[in-house]
Amino acid sequence: MLSFAVLGASTALLAGASAPAGANGVVRPRAAVLLAEAAATTDEQKASGISWDSHQYVDQAPESLIRDDDLQGANQDMRRRFEENCRRAQNAICKAVSELDGAEFREDVWTRPGGGGGISRVLCNGNVFEKAGCSLSVVYGSMPQDALQSATSRGADRAKGYAPGERVPFFACGLSSVMHPRNPMAPTMHFNYRYFETDGGVWWFGGGSDITPAYLFEEDIAHFHQTYKDVCDTHDPEYYARFKKWADEYFTIKHRGETRGLGGIFFDDQNDRDPEAIFAFSKECLDSVVPAYLPLVAKHKDDSFTQQQKEWQLMRRGRYVEFNLVYDRGTVFGLKTGGRIESILMSLPETARWEYSHEPAAGSPEAEIMDAFKTPREWAK
């Protein structure tokens with residue numbers, strides 16, 4: 001369903017639409033604009049040193065994807081330990097998901113000539129999960145200063161040490177995951193934890209975990225939020241309120257006036273304390289993925305449901321697609337830096353649905369959760 005919808009939209013753009021008039025008053029066909037944008041993106045990827053097809057598949061993951069840099073100000077120890085922790089968490093999470101599902105993950109490993117690479121694991125057509133992905137990425141590249149600025153929430157100075165207009169070399173390592181269960185009573189879950197550095201010595205952490213149900217079971221959402229509030233409270237009593245609000249705001253689908261799901265925590269640009277403290281927080285958040293989420297899937301994986309309820313789940317997945325392709329900074333960042341396409345779009349569900357001007361019936365379970373999407377609530381104690 002998703003493929004036909006995207007194909008139809010693309011065909012309409014290419015065939016019939018025109019772009020607004022340019023500075024000279026000439027209206028350019030939309031196809032010409034798209035081709036020009038694609039050429040600009042390709043030029044940007046060449047300048048960054050990486051592109052969509054610059055990865056090389058390997059049979060086995062190397063011991064580390066971190067290259068040996070002798071850069072003044074580079075925190076090589078943190079780069080290596082963050083990658084090690086992501087790989088450890090990837091192994092643990094995929095093992096737990098496979099045990100629940102009964103199916104195994106497919107693994108793809110790749111490297112890049114300039115350093116870095118990734119390990120993608122995807123479980124498709126499982127017994128419990130329609131699609132579950134967990135992907136590690138290590139990226140070395142460079143970007144224009146405005147592109148780096150657009151990837152932040154707080155306008156952090158990521159170009160420190162570089163002259164205006166100069167490209168900024170960067171390092172990034174992260175672990176991302178999205179789990180889409182078959183049963184509409186079981187929620188979708190997403191997490192991403194990452195560490196960035198520029199060669200100018202600027203560093204920061206980001207991340208978060210969030211939950212996206214199609215039907216509301218308040219005790220489930222309370223469990224998910226309480227798990228992460230307990231983690232936050234261990235590290236900073238102000239974290240949960242800040243990061244829960246940040247998630248509610250970040251995961252808003254602005255053109256719909258609703259959130260993608262029922263939130264969790266989200267944080268970015270964290271460099272306001274010792275990096276060891278933030279690293280410890282990120283580590284505990286990753287370790288909380290399995291206890292926060294998998295019991296909810298185990299609880300609902302065998303629930304009965306109707307065709308109408310399945311269609312509602314697919315419509316909510318349509319909202320998931322809208323957010324990820326329009327607003328998600330990670331998706332945009334990956335596309336701009338020439339990331340591996342299959343890894344970038346791993347988060348999308350295999351099936352989704354759009355119905356024209358659909359409104360849930362008043363008093364229905366669908367209307368109940370729509371109210372929660374439109375008016376964020378407090379879930380943890």
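By the gyration tensor of its Cα atoms, with a ≥ b ≥ c the square roots of the eigenvalues, what is the shape of the range 301-345: rounded for a/c under 1.5, prolate for a/b over b/c, or oblate?
Prolate is the answer for the range 301-345, as a/c is 1.5 or above and a/b outweighs b/c.
Rounded to the nearest whole Å², what accessible area per residue is found for the range 52-374 with the 1.4 Å probe?
Values: 13330 Å² over 323 residues.
Normalised by residue count, the accessible surface of the range 52-374 is 41 Å².
Report ³J(HN,Hα) in whole Hz for each residue of the range 125-133, in order, from the Karplus equation J = 6.51 cos²θ - 1.76 cosθ + 1.60 where θ = phi - 60°; Gly and Pro get x.
Here the 3J(HN,Hα) series is 6, x, 6, 10, 9, 5, 7, 9, x Hz.
How would the range 78-123 be classified by its alpha-carbon gyration tensor: rounded, prolate or oblate, with rounded meaning a/c under 1.5 and the a/b versus b/c comparison settling the rest?
Verdict is oblate for the range 78-123.
Give me the aspartates and glutamates in straight-line cross-link reach of K374: C-alpha distance below 17 Å, same-chain residues under 8 apart excluded.
In chain and number order, the partners are D210, E218, D248, E249, E258, E322, E359, E366.
Which of the residue pairs K229/K336; K95/K310; K95/K299; K131/K301 have a Cα-Cα distance greater than 25 Å in the structure shown?
Flagged as over cut-off: K229/K336; K95/K310.
So for the range 52-374, Kirkwood radius off the Cα pairs, Stokes-Einstein at 25 °C and 0.890 mPa s: how many µm² s⁻¹?
Calculated translational D: 121 µm²/s.
For the full complex of protein chains and a 1.4 angstrom probe, list R319, R88, R340, R81 by accessible area with the highest value first.
Result, largest first: R88, R81, R319, R340.
From the phi of every residue in the range 182-188, what ³J(HN,Hα) in whole Hz does the Karplus formula 6.51 cos²θ - 1.76 cosθ + 1.60 yield, where θ is phi - 60° and glycine or proline is x?
The phi angles translate into 6, 6, x, 7, 9, x, 7 Hz.
Once amide H atoms are placed 1.01 Å from N in the peptide plane, what residues at a sequence separation of 5 or more from D269, or on another chain, have their amide H within under 5 Å of its amide H?
F205
Given H placed on each backbone N at 1.01 Å, which residues far from G263 in sequence or on other chains put an amide H within less than 5 Å of it?
Placed amide hydrogens put I211 under 5 Å from G263.
In terms of modelled amide H atoms, which long-range or inter-chain residues lie less than 5 Å from the amide H of I253?
E258, T259, R260
So what J values fall out for the range 368-381 if you push phi through Karplus, 6.51 cos²θ - 1.76 cosθ + 1.60 with θ = phi - 60°, rounded to Hz, Gly and Pro as x?
4, 6, 4, 4, 5, 5, 8, 10, x, 10, 9, 10, 8, 8
Taking only C-alpha pairs under 8 Å that are 6+ residues apart, what is the relative contact order of the range 52-374 in percent?
16
The values are calculated or read from the model by the stated rules, or taken from the named source; none is laboratory data. No experiment lies behind these values; they were computed from the predicted model shown. Just so you know, the surface numbers come from the protein's heavy atoms only, side chains and all, with ligands and any DNA or RNA stripped out. Shrake-Rupley method; radii C 1.70, N 1.55, O 1.52, S 1.80 Å.
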